[in-house]
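Chemist: Sending over a structure as structure tokens; questions will come in a sec.
The values are calculated or read from the model by the stated rules, or taken from the named source; none is laboratory data. Worth saying up front: this structure is predicted, and the values here are computed from it rather than measured. Heads up, the Cβs are rebuilt from the backbone with ideal geometry, glycines too, and the neighbour counts pull from every protein chain shown. The accessibility values were calculated without ligands, DNA or RNA, using every heavy atom of the protein model including side chains. Shrake-Rupley method; radii C 1.70, N 1.55, O 1.52, S 1.80 Å.
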Amino acid sequence: MKTSPLKIYLIFAIALLSACKNESSTLTVDRELQDDSQVTSKHDFGADARPKNVIFVIGDGTGINQISALEFYKEGNVFYDEFPIVGLSKVSSTSLITDSAAAGTAMACGEKTFNKAIGVDAQGHDLPNLIEYMEEQGGASGLIATSSLTHATPACFYAHHSDRNDHEIIASFLPKSGVDFFAGAGLKYFNNREDKVNLIDSLASNGYTIETSGLKAYPDAEKVGFLLAEKDMPKILEGRGPFLQKATQMAIEHLSKNDNGFFLMVEGSQIDWGGHDNAFDYMISELIDLDNTLGAILAYAQQDKNTLVVVTGDHATGGLALTADKDDYNKIKPIFSSPGHNADWIPVFAFGPGAESFSGVYENNMLFHKIKALLSPEN
Ligand SMILES: [Zn+2]
């Protein structure tokens, strides 16, 4: 009998909060080795298959060690397991170590740029992004994050500005962005601004139905936006619940009405913040939330058969290592080695038509070019 995700969170949160401070999530694993090769979804799409829809999932601050931790700390299925195609992405920006803005710009716009840059190149010029491309094709687009929607990663998919910290300037790009569905936080950057402009009115006059009290269905809305917290969404450990999964399912339902296809970006934003805090419980609870959202996305893509799912991270954070506890090799002791970002190569997971394009090793900005090529009717 599968335990409900919420129940797992609560059991897990209580156990972790009582058990660990920082690096003390030592785990004794009594594992029966199981053959899970049946779990992996089949990649039976023809080599020339092209997706109608793309769902692009970003785990902020999520490298291979974060994902590996799921194997030992998550009860039930690990949905990362189910992707038949895996590649590796090199994530340096114009600096050896990237921030989320430069990595987001590389993935959303296809060019390496400077840290803090949102949708602009190394000279500060605007770079067209995947959502603008999808809108040109007459398709639909969506954005979901557990941070403010003006935060670095989601911002790279609709805004163009040289400093990620100017949240009010970034917010001003959303009303005319063409995004058809968005969900996350950052309400204050829209309705409590220094320039006294009320961007909620501007969103409404651009065809948006805006909801700030919770996820509600608006089946007849042309464009719908959820701004559900002043700055960032609450943590899972603070009771956020399955917002990410639910918003993703609502976005798919809304966007799949467009016959020209859709592009949807879903970000697990706070995995990175757990890494920066070197707080294992925070990091892993956010990652389990993202993994469960992957389960919902895969279920849709497996049934739809016209949807490419690409899952990656923008960089790894915290220098996480899943070490043996002293010389007890049957005990895992997660240790963080830094409060900052790391230079690791980042895994890319893909499922669906065109997934094979994501195997191999490549620079992170190639993700933009691979997705655009697969969505381009002329190709
Ligand atoms: Zn970060």
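Chemist: Search the range 129-146 for residues that are on the phi > 0 side of the Ramachandran plot and pair each with any residue that is modelled with pLDDT of 95 or more when their beta-carbon atoms are under 7 Å apart and the residues are at least 6 apart or on different chains.
Modeler: Close Cβ pairs (under 7 Å, with a partner that is modelled with pLDDT of 95 or more) amount to G138/N260.
Chemist: Among the residues of the range 96-114, which ones are touching a residue at least 40 places away in the same chain (Cβ under 8 Å) and either within 11 Å of the ligand (Cβ to nearest atom) or part of a helix (DSSP H, G or I) (or both)?
Modeler: I97, T98, D99, S100, A101, A103, G104, T105, A106, M107, A108, C109
Chemist: Kindly indicate whether T317 is of a type in the set (V, I, T), within 16 Å of the ligand (Cβ to nearest atom) and crowded, with 24+ Cβ neighbours inside 10 Å.
Modeler: Taking the combined requirement at face value, the residue satisfies it.
Chemist: While we're looking at this one, here's another question. Do we have S357 as at negative phi and surrounded by fewer than 17 Cβ atoms within 10 Å (Cβ to Cβ) here?
Modeler: So S357 does not fit the description; no.
Chemist: Return the residue satisfying two criteria in turn: it lies in the range 211-247 and is acidic (D, E) and over 18 Å from the mean Cα position of the chain (by Cα), and of such residues it is surrounded by the most Cβ atoms within 10 Å (Cβ to Cβ).
Modeler: For the range 211-247, the residue satisfying everything is E211.
Chemist: Cβ-Cβ below 7 Å, separation at least six or inter-chain, first residue in the range 75-89 and at positive phi, second of a type in the set (K, R) and modelled with pLDDT under 95: which pairs?
Modeler: Cβ pairs passing all conditions: G76/K2.
Chemist: Given the criterion in a loop (DSSP other than H, G, I, E, B) and closer than 23 Å to A247 by Cα, identify the matching residue among F190, F173.
Modeler: Answer to the check: F173.
Chemist: Okay, next question. Of everything in the range 177-210 that's of a type in the set (D, E, K, R) and buried (at least 17 other Cβ atoms within 10 Å of the Cβ), which residue is nearest to the chain's Cα centre (by Cα)?
Modeler: So, considering only residues that are of a type in the set (D, E, K, R) and buried (at least 17 other Cβ atoms within 10 Å of the Cβ), the one nearest to the chain's Cα centre (by Cα) is D180.
Chemist: Suppose we keep only residues that are within 16 Å of the ligand (Cβ to nearest atom) and closer than 14 Å to I55 by Cα within the range 248-275. Which one would you say is nearest to the chain's Cα centre (by Cα)?
Modeler: The residue in question is E267.
Chemist: Checking the structure you have, find out if any residue of the range 121-129 is in a loop (DSSP other than H, G, I, E, B), open to solvent by less than 10 Å² (accessible area, probe 1.4 Å) and within 16 Å of the ligand (Cβ to nearest atom).
Modeler: For the range 121-129, residues in a loop (DSSP other than H, G, I, E, B), open to solvent by less than 10 Å² (accessible area, probe 1.4 Å) and within 16 Å of the ligand (Cβ to nearest atom): absent.
Chemist: I've got another one for you. Looking at E356, E378 in this structure, which one is more than 24 Å from S95 (Cα to Cα), in contact with a strand residue (DSSP E or B) (Cβ under 7 Å, 6 or more places away or on another chain), outside any strand (DSSP E or B) and of a type in the set (D, E)?
Modeler: Selected residue: E356, the only one of E356, E378 that is more than 24 Å from S95 (Cα to Cα), in contact with a strand residue (DSSP E or B) (Cβ under 7 Å, 6 or more places away or on another chain), outside any strand (DSSP E or B) and of a type in the set (D, E).
Chemist: Now, a different point. At pLDDT 95 or above, within 16 Å of the ligand (Cβ to nearest atom), open to solvent by 40 Å² or more (accessible area, probe 1.4 Å) and aliphatic (A, V, I, L, M), is that true of A299?
Modeler: Considered against the rule, which asks whether it is at pLDDT 95 or above, within 16 Å of the ligand (Cβ to nearest atom), open to solvent by 40 Å² or more (accessible area, probe 1.4 Å) and aliphatic (A, V, I, L, M), A299 comes out as no.
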